[in-house]
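One structure is given below, encoded as structure tokens.
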Amino acid sequence: MIRQRELAELVQRRELAEAIALRERRAAALAEARASREHLFAAEPPAGPLDIADALAGAAYLRRLERDIAAREAALAHSDEDVAEERAVLMERRRDRRALELLLERRQAEERLERARAAARQLDDLVAARWRSQPIPTEEPA
């Protein structure tokens, strides 16, 4: 049963690692989207007359970036929740496995103690039987 709990814990560790990896990918994607927005804001306006089509395209691109950033922030928040949930499940499985290990160790210790007591009783019985079978020396008056 402990082996089964260890395997369940191992599977949960893998799921946690996958959740953390996904969170890191989402954080990198969010950072990239924010960097694109900052790059857009930092860009020098073109010299000369302003072309309305370019201005509208730039505004549309900015709106798309803002939506993308909001979606990536939501995805990152969801990943944070997933990581926290997977971590909590892992801790619970770890506690369950450890509790079973402690119960097994306690039972084994009790069995060892009982075997030691039985061996001591057997030795006591053997000594008592040998003592009873020996003739009682009587001292003769000199």
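Being more than 22 Å from Gln12 (Cα to Cα) and either over 31 Å from the mean Cα position of the chain (by Cα) or charged (D, E, K, R) (or both) narrows it down to one residue among Ala29, Ala70, Ala74, Ala47; which is it?
Ala47
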### Query
Does any residue of the stretch 40-53 turn out to be surrounded by 10 or more Cβ atoms within 10 Å (Cβ to Cβ), modelled with pLDDT under 95 and small (Gly, Ala, Ser)?
no
### Task
Select from the stretch 77-91 the residues that are acidic (Asp, Glu) and either within 19 Å of Val11 (Cα to Cα) or loosely packed, with under 14 Cβ neighbours inside 10 Å (or both) and list them in ascending order.
Glu81, Asp82, Glu85, Glu86
### Message
List the residue pairs whose Cβ atoms are under 6 Å apart, where the first residue sits in the stretch 51-72 and is touching a residue at least 40 places away in the same chain (Cβ under 8 Å) and in a helix (DSSP H, G or I), the second is surrounded by 10 or more Cβ atoms within 10 Å (Cβ to Cβ) and not acidic (Asp, Glu), and the two are 6 or more positions apart or on different chains.
### Response
Arg72/Ala29; Arg72/Leu30; Arg72/Ala33
### Query
Restricting the stretch 54-68 to residues that are of a type outside the set (A, V, I, L, M, F, W, C) and in contact with a Leu (Cβ under 8 Å, 6 or more places away or on another chain), which is modelled with the highest pLDDT?
Tyr61
#### Entry: Pairs where the first residue, in the stretch 7-26, is over 24 Å from Arg98 (Cα atoms) and the second is small (Gly, Ala, Ser), C-beta under 6 Å, 6+ apart
Leu22/Ser79; Arg23/Ser79; Arg26/Ala75; Arg26/Ser79
### Task
Check the stretch 20-33 and report whether any residue there is of a type in the set (D, E, K, R), loosely packed, with under 10 Cβ neighbours inside 10 Å and part of a helix (DSSP H, G or I).
no
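The values are calculated or read from the model by the stated rules, or taken from the named source; none is laboratory data. Computed from a prediction, not measured in an experiment: that's the story for all the values here. Cβ sites come from the backbone with ideal geometry, for glycine too, and all protein chains shown count toward neighbours.
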